[in-house]
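Novice: Below is the structure I would like to discuss, written out as structure tokens.
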Amino acid sequence: MLSKKNIVRATITVALLFSLSPIFSQRAEPYFKERCLWVVRSNLISTQVIDDLLRFASMNNFNHLIVQVRGRGDAYYTTDLVARGTMIRNRSFDPLAYIIKKGHEQGLKIHAWVNVYLVWSDTSVPYDRSHVLYRHNDWLDIPEAGRLRAGELVQNMERYREGHEGLYLSPGHPDVPPYLVKIFREIVTKYDIDGLHLDYIRYQDSDFGRNPVARQIYERNNGEDPLVLMTSRGRWIGNDKQYISRLRKWSDYRRIMVTDLVKQIHLMVEEVRPDCILSAAVKPNLYEARDQFFQEWDVWLAAGYLDWAIPMNYSSKLGVFADNIDIIYDNLPAKYRNRIIMGLATYNQRSTEVVDKLKYTKITRFPGICLFSYNTFSQNAGYITPIHIEINK
């Protein structure tokens, strides 16, 4: 008897061998109800750049734009709370206000995309002295937080990145959640956005969680410094069960820290703008998301904290893309899968490969897609053609 996974795979294999065009060309409306496009902040720097973006989105029948207004602890909107985005030359220009106004006139829904914990990744210091690296580097998720000046942090960037994206705020520092919720509350309150989109809402990796204040709190409540747990595996040789139990407790704690922030943001959005879609870009492999990055996005969906989860299913290999969907099927009932918008990459594969993944997403019955990112289309005029045809079937 075929397993559920094998049945799905067999169906998809047949569909990719024989074009899906005749099936979906009968539809009066496109199969995908939600047709989303991620737009990075470099495409929000002027009215001309935004106008070009809106023209592209309308011509290709996208109906949601997820626009990055917080990249590295900064703001591509008007605010007194955080540093201003340095790519905006006209300091009086408000990119978010402009794209909301013009986008709504064209029937587009605009989501404000905010990078949550990630606050810096450059090799030079922030220009604006109001940046969080100057004001609160004791909030960073590094062992020496609070002991180094911003310049020293940046000079040692490669050391702290350890192959990862950059400098993160510590999810376990008690001052970080209210700071972030305050920033997001301002956006949701001031702007007529259709959605708030959370990115980097996770730990940087399984070896993170080393902020001194966060560790002290954990030790006070649990009787153990987690840094010792992470760096002294040899102490538990011969007593693996005890080590695994303590490590599991520390991992659960880190998941709770991230989940609690998602819950707080959800409650804030419900209070301020209840019709605003709360979404998050999440790691596509549900097991890796939970165990390596402490991002339990299946729980967020089940608890109702998120309206949409958008897995960043970016692999150019169809098999890996399919494996991530298999894991979703194994863990989430249909009522939760209906709130998953499948994220696909464009920067690392041919447009025909993207089309195959769009077909796969249709067969596995996800209601929408989100493409990363507009940059690929703006830099290669012909890239959109086969993708346009497929997403509009």
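Since every read-out is calculated from the coordinates, none of them should be taken as a lab result. Just so it is clear, the structure is predicted and the values come from calculations on it, not from any experiment. Neighbour counts run over all protein chains shown; Cβ positions are idealised from the backbone, glycine included.
Novice: Among the listed pairs LYS33/LYS359; LYS102/LYS263; LYS101/LYS393, which are separated by more than 20 Å between their Cα atoms?
Specialist: Those over the limit are LYS102/LYS263; LYS101/LYS393.
Novice: Please order ASP199, ASP326 by the number of other Cβ within 10 Å, starting at the fewest.
Specialist: ASP326, ASP199
Novice: Using modelled amide H (1.01 Å from N, peptide plane; none on Pro or chain starts), what sits under 5 Å from the amide H of ILE277, excluding residues fewer than 5 places away?
Specialist: Amide H to amide H, under 5 Å and 5 or more residues apart or across chains, ILE277 pairs with GLY195, LEU196.
Novice: Given bins 20 angstrom wide, list per bin the percent of all Cα-Cα distances in the chain, short to long.
Specialist: That works out to 26, 56, 17, 0, in percent per bin.
Novice: Enumerate the residues in the stretch 208-223 having an amide nitrogen under 14 Å from the point lying 7 Å beyond the Cα of TYR179 toward its Cβ.
Specialist: 211-214
Novice: At R0 = 22 Å, how high is the FRET efficiency between ASP138 and LYS190 if r is their beta carbon distance? Nearest 0.05 is fine.
Specialist: It comes out at approximately 0.15.
Novice: Using only the Cα atoms of the stretch 138-280, what are the Rg and Dmax in Å?
Specialist: Cα-based Rg and Dmax for the stretch 138-280 come out at 17.5, 59 Å.
Novice: Sequence-distant or interchain residues sharing an amide H contact under 5 Å with MET342, placed H: which?
Specialist: Correct list: GLY368, ILE369, CYS370.
Novice: Extension gain GLN242-MET87, at 0.36 nm per residue separation less the Cα-Cα distance, in nm?
Specialist: Length difference between fully extended and current span is 50.7 nm.
Novice: Return the calculated 222 nm mean residue ellipticity for the chain, to the nearest 500 deg cm²/dmol, obtained by summing -39500 (n - 2.57) across DSSP H runs with n ≥ 4 and dividing by the residue count.
Specialist: -13500 deg cm²/dmol
Novice: Tell me, LEU118, LEU318 in order of fewest to most beta-carbon neighbours within 10 Å?
Specialist: Listing LEU118, LEU318 from fewest to most nearby Cβ atoms yields LEU318, LEU118.
Novice: Right, next: For the modelled label position 7 Å from the Cα of ARG220 along Cα-to-Cβ, which residues of the stretch 164-196 have backbone nitrogen atoms closer than 19 Å?
Specialist: 170-179
Novice: Moving on. How many nm is it between the label spots at SER58 and MET230, if each spot is 7 Å from the Cα in line with the beta carbon?
Specialist: Computed distance between label sites SER58 and MET230 equals 4.9 nm.
Novice: Given a Förster radius of 51 Å and the C-beta distance between ARG365 and THR78 as r, what FRET efficiency does 1/(1 + (r/R0)^6) yield to the nearest 0.05?
Specialist: Efficiency computed from Cβ-Cβ geometry: 0.80.
Novice: Rounded to whole Å, give me the distance from the Cα center of the stretch 361-393 to that of the stretch 42-121.
Specialist: First find each Cα centre; the distance between them is then 20 Å.
Novice: Let me ask another. Using 0.36 nm times the number of residues separating LYS33 and ARG147, minus their current alpha carbon distance, what extension gain do you get?
Specialist: Net length gain for the segment: 36.0 nm.
Novice: Separation between the GLU288 and ASP205 pseudo-spin-labels, each 7 Å from Cα along Cα→Cβ, expressed in nm?
Specialist: 1.3 nm
Novice: Considering only DSSP beta bridges with both partners in the stretch 33-391, what is the antiparallel share in %, to the nearest 5?
Specialist: Expressed as a percentage, antiparallel bridges in the stretch 33-391 total about 10.
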